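Take a look at the structure set out below.
The values are calculated or read from the model by the stated rules, or taken from the named source; none is laboratory data. Small disclaimer: the values here were computed from a predicted structure and weren't measured. Cβ placement follows ideal geometry from the backbone for every residue including glycine, while neighbour counts extend to all protein chains displayed. Note: accessible area is taken over every heavy atom of the protein model, side chains too, but ligands, DNA and RNA are not part of it. Shrake-Rupley method; radii C 1.70, N 1.55, O 1.52, S 1.80 Å.
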Amino acid sequence: MALTPPSPPASAARPGGRVSAASAGSVAGSAVPAVPAVPAGSAAGSAVPAGSARSAAGSAARPAGRASAASAGSARSAGSPRDAPVRTVAVWCPDWPVAAAAAAEDLPPHVPIAIVADNRVVACSAIARADGVRRGLRRREAQSRCPELVVLAADPGRDARFFEPVVAAVESLAPGVEIVRPGVVVVPARGPVRYFGGDEAVAERLVDHVAGTGTECQVGIADGVFASVLAARRGLVVAAGGTAGFLGPLDIGELDLPGESEGGGRGTASGGTRTADRAELVDLLRRLGLRTLGAFAALPVRDVVSRFSADAALAHRLARGLDPRPPSARRPPADLTVSVELDPPVDRIDAAAFAARSLAEQLHEVLSAHGLACTRLGIEAETGNGEHLLRTWRHEGALGAADIADRVRWQLEGWLTGRNSGRPTAEVTRLHLVPEEVVSRAGLQLGLWGGLGESGERAHRALTRVQGMLGPEAVLTAVLGGGRGPGDQVRLVPWKDERTPALPAEAPWPGRLPTPAPATVLPEPLAADVRDASGTPVGVTGRHAVTAPPAELGIGGKRRPVLAWAGPWPADERWWDAAAARRRARFQVVVAGDVLPESDGDDGVEGTALLLVLEGGRWWVEAVYD
C-alpha cells in the first residue's frame with residue numbers, strides 16, 4: 001500500500017534543487033557542488049540542495065567515562081571539540097500523520113485530510129492547506145474553510161506502525177538508525193557518507209530507497225540533530241562547520257515548529273516530545289527584538305541561564321548549533337537492561353502491550369534507583385525462529401514509565417503488523433529494553449516544585465494502577481474552565497483523559513463571582529433560610545436589589561447570626577430559551593460559629609464563610625470558603 005501523503009498533482013512546482021521521491025532517479029547522478037563552511041553569523045550560504053530526507057540523530061554513542069550529566073544550561077563554548085555536535089543525516093517524511101492515516105483508511109491522494117487532537121488541527125495535507133486549513137485551527141473552522149475535509153483523530157500508535165517500513169528501508173542502507181518520532185529518523189553521517197562517497201550521494205540513495213516503500217521523504221545533513229532536521233525540511237546539505245551560518249538567519253519560530261509529535265501535539269524540530277511548550281518563549285523573544293536564531297544565539301550563555309527557564313537554555317543550545325544536551329551523557333552499565341521471557345510467546349498486540357507496560361515500569365524503577373533517566377532506548381525482541389529485532393528510540397528529555405511503554409507498544413505493533421519483508425515469521429519469545437543513553441536525573445529537573453520528582457511519579461503509577469483495577473471513572477481530576485458559579489467552572493475528568501473544560505475560560509462571564517474562589521463546592525446544594533432582623537425572609541427584587549440586609553441564616557436545625565455579607569451577583573442566563581433559562585443571585589456571607597449540618601458544634605470556630613444562591617425564591621448553600 002502506498003504511503004504517499006495526499007499532495008497536489010505531480011506537475012506542481014517544487015522548490016528548486018529539491019529531490020523528491022518521484023523524481024530522485026532522474027537526478028541521481030547529478031553533481032551537487034559542495035559549499036565551504038560559513039563562519040557563525042554570516043549569511044545562510046552554507047546550505048546546498050540535497051535529496052529529500054529526515055532529521056538526524058546527533059547523539060552517537062559516546063565512550064564510557066565521561067563526566068556525569070549537567071543541566072541544560074551548562075556553558076561550554078561552541079568551538080570546544082568536546083561540545084561539537086555529531087554530523088547527522090535526517091530523514092523527514094512531510095505530513096507523516098496524514099500519510100499514515102490516509103494509508104490506514106485507504107483514502108485517495110486528492111482528498112483533503114486533517115488530523116485533529118483536542119479539537120484542533122495538528123497536521124493537514126497539502127490539498128487541505130491549499131484550501132486554507134492550517135495547524136492550530138479549531139475543527140469547525142477548518143471544516144468551514146474546506147467543506148470536503150476528511151477529519152481523522154490523531155493516533156501515535158498508527159503513525160509508528162505505518163512508519164516501520166520506512167525505518168527498515170533507511171536501516172538497510174545506514175545501520176544504527178534512531179527514531180526521533182514517527183515520521184523522523186536520524187543516523188550518524190560518518191559511516192554512510194564514507195561508504196557511498198559523499199553527502200549528496202547518501203541523500204539521493206536514501207530518497208530512492210525510501211521511495212520503494214511508496215513514501216516521499218526529504219533528507220538533510222548538518223552538524224547536530226536540530227540543524228539536520230531543519231535542513232531536511234528544506235532538502236539541504238549544510239557543509240561541515242557551517243551550522244551556525246545556516247541557522248543564524250532563520251526565524252526564531254523554528255524553535256517552536258508545529259510538528260508530528262507523539263499524541264498529535266506540538267513537537268520540536270530536534271525530535272521527541274517537548275518537555276515544555278516553547279510558544280511562550282518564542283513570543284517573549286520576539287517582543288524582546290530577537291527575531292532570528294542568530295540573534296538569540298548571540299546572547300551570553302550565562303545571561304540566558306540566569307534570566308530564562310531551563311527550556312530556554314536548551315533552546316539556546318539549539319540556536320547555537322549544539323546538541324540539546326551537553327555531551328555529558330554516558331553509557332550505562334550492562335545491568336540496567338531489563339528483559340522478560342514471554343511464556344507463552346505473543347503474536348497479538350494486546351498481549352504484547354501488556355508485557356510492554358510491566359517491563360517499562362520495571363526499567364523505570366531500575367533507573368530511578370540509580371538516579372538516572374533514559375534519553376535513548378533500545379528495544380530488542382527475539383522470536384521462536386531465532387530472529388533478532390532491534391530498534392532505537394531517542395528523546396529530547398527524560399523517558400518516563402508511560403513514555404517507555406508507549407514506544408515499546410508502538411514498536412511491537414510495527415513489527416507484528418509489519419507490511420514489509422522484515423515482519424517476524426514467529427511469535428515473540430523474549431523482550432529486552434536497553435537504556436543506550438542515560439543522564440543524571442538532576443540534569444533534567446524541570447522546576448523547583450515540579451518536573452521529574454520521585455513523589456509525583458509514584459503518585460502517577462499509583463493512580464494508574466487504581467484506575468486499571470477499578471475502571472476509568474474511579475480516578476477523577478478537576479479541570480477549571482469558564483462559568484459564573486464555582487459549580488459551573490469545574491469539570492471532573494478521568495485520570496489521563498483529555499483535560500478540556502466544560503465551558504471556555506476566555507469567554508466573557510458577566511455576573512461571575514470575584515476572587516477568591518471557594519475552597520469546597522458541595523456535591524449537592526444545602527437548603528437554607530435567610531431572614532432579616534425582623535424575621536422576614538430576605539429576597540431580591542427584579543432590579544437586583546436586596547429587600548433587607550441578611551441578619552440570620554438557618555440550615556437544617558441550626559440558626560446563626562450573619563456577621564457580614566456581600567452581593568448580590570445576579571446571573572440571568574439563557575433568557576431567550578424558556579426551557580433552559582435560569583435567574584439566580586449569589587451572596588457571600590459570614591456567619592457566627594459553624595452552621596453546617598455535619599458538624600457537632602462550633603468547636604471554637606469564630607465564623608464560617610459561605611456562598612449562597614437564591615433561585616426561584618429559595619436559598620441554597622452552594623460552596624464553603626476556608
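Between the DSSP loop rule and a limit of at most 10 other Cβ atoms within 10 Å, which trypsin sites (Lys or Arg not before Pro) in the range 519-626 are left?
Numbers: sites: R531, R543, K558, R559, R574, R582, R583, R584, R586, R618; in loops: R543, R574.
Passing sites in the range 519-626 are R543.
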Would you mind working out the accessible area per residue for the range 192-243, using a 1.4 Å probe, and quoting it in Å²? 28
Förster radius 45 Å - calculated FRET efficiency between D131 and R194, Cβ distance, rounded to 0.05: 0.45
In square angstrom, what is the accessible area per residue of the range 504-589 with a 1.4 angstrom probe? 60
Among the GluC sites (Glu not before Pro) within the range 478-565, which fall in a DSSP loop and have no more than 16 other Cβ atoms within 10 Å of their own Cβ? E498, E506
Charge tally in the Cβ shell below 11 Å around E171, where Lys, Arg are +1 and Asp, Glu are -1, E171 excluded: -1
Tell me the net charge near L342. Cut-off is 12 Å between Cβ atoms, L342 excluded, with +1 for each Lys or Arg and -1 for each Asp or Glu. -3
Go ahead and run the numbers for FRET between R307 and E387, Cβ-Cβ distance against an R0 of 45 Å, rounding to 0.05. 0.25
Counting Lys and Arg as +1 and Asp and Glu as -1, each charge on the Cβ, what is the dipole of the range 510-565 about the Cα centre in debye, to the nearest 20? 80
Would you mind calculating the relative contact order of the range 118-256 from Cα pairs under 8 angstrom and at least 6 residues apart, reporting the percent as a whole number? 12
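Of the GluC sites (Glu not before Pro) in the range 100-180, which ones lie in a loop per DSSP and count no more than 15 other C-beta atoms within 10 Å?
Here the sparse-neighbourhood loop sites are E148.
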